Amino acid sequence: MTYIIIFITLIVSIVCFGNHSLADRLSLRPYAVIHQRQWDRLLTHGFVHADYTHLLVNMFVFWSFGSNVERLFRTQEFAGLVQHGMLTFLILYFGGMVFASLYDLYLYRNNPHYASIGASGAVSAVVFTSIFFDPLGMIYFFGVLPIPGILFGIIYIAYEGWAGRRQADHINHHAHLFGALYGFLYPLFISPSLIEVFLRGLHF
């Protein structure tokens, strides 16, 4: 499923690079969602990206973690901890996309000019579910420095919270932050007993 999502996202994003009206219609515009009931935007914005760098970074990170998380859910399905591994993965990805949008949906609900695009919230959710299942597994900070996943997660949450308050760039740090929180808590939503997996991963 990871590869299917990546393929669809690549196609839609590339088409939207040359079709700005389509990109605008698919983007997350809280004003349109609330006042015009265009609820589909909560999902469609994750298939649109600002440029090739934005697209490739998101899809590379998703590829790096997505297939592994899929396998984890299939393992949990065989163990009887989740009922449907594939459905569980889809709810993680698209649920993370929606949850990551809720803060902006409220904050900018009366701003007709605000728009957001990209799969960053969903990708953050997948990364943090991976951290939940393997908290001491190494993640390469800035692509070169290996640090335990749980430490990376703490640094990531602290930075995105700080950057979101500053709002000094055009990056949707709120989506990153809330997507990450959703992804880390998601395993507990589907089966609270999975907390034992996290604690074992910490060698408690």
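Points to keep in mind about this one:
- Each residue was assigned an accessible area with a 1.4 Å probe, and for Leu145 the value is about 90 Å².
- Scoring 183-194, 63-74, 125-136 by mean Cβ neighbours within 10 Å over their residues and listing the highest first yields 125-136, 63-74, 183-194.
- Applying the Karplus relation 6.51 cos²θ - 1.76 cosθ + 1.60 with θ = phi - 60° to the stretch 130-135 yields 3J(HN,Hα) values of 4, 5, 4, 7, 9, x Hz, where x marks Gly and Pro.
- Nonlocal amide H pairs with Ala115, under 5 Å, H built at 1.01 Å: none
- Given charges at Cβ of Lys, Arg, Asp, Glu: the chain dipole, positive-most of Tyr103, Gly137, Leu92: Tyr103
- Using the Karplus relation 6.51 cos²θ - 1.76 cosθ + 1.60 with θ = phi - 60°, the per-residue 3J(HN,Hα) values for the stretch 52-68 come to 5, 5, 4, 5, 5, 5, 4, 6, 5, 5, 4, 4, 5, 10, x, 4, 5 Hz, with x marking Gly and Pro.
- Net dipole in debye of the chain [+1 Lys, Arg Cβ; -1 Asp, Glu Cβ; about Cα centre; nearest 20]: 300 debye
- Segments 153-165, 27-39 sorted - mean Cβ within 10 Å per residue, highest first: 27-39, 153-165
- Here's the picture: charge each Lys and Arg Cβ at +1 and each Asp and Glu Cβ at -1 in the chain, and of Ser124, His35, Gly201 the one pushed furthest to the positive end of that dipole is His35.
- Placing dummy labels 7 Å off each Cα toward the beta-carbon, the span from Val144 to Ile11 is 3.8 nm.
- Placed amide H near Ile139: partners under 5 Å, 5+ positions off or other chain: Ile147, Gly149
- Net charge dipole, the stretch 1-121: roughly 200 debye, given to the nearest 20, about the Cα centre with Cβ charges of +1 for Lys and Arg and -1 for Asp and Glu.
- Residues with amide H under 5 Å from that of Gln38, placed H, sequence gap 5 or more: Val33
- Relative packing of peptides 108-114, 47-53, 90-96, 173-179 - highest average C-beta neighbours within 10 Å first: 173-179, 90-96, 47-53, 108-114
- One equal scatterer on each Cα of the stretch 97-139, no solvent, Debye formula: the resulting log10 I(q)/I(0) at q = 0.22, 0.23 Å⁻¹ is -0.76, -0.79.
The values are calculated or read from the model by the stated rules, or taken from the named source; none is laboratory data. Bear in mind that the values here come from a model prediction, so they are computed numbers and not experimental data. Reconstructed Cβ throughout: ideal geometry from the backbone, glycine too, with neighbour counts over all protein chains shown. Areas reflect the complete protein model, heavy atoms only, side chains present, ligands, DNA and RNA absent. Shrake-Rupley method; radii C 1.70, N 1.55, O 1.52, S 1.80 Å.
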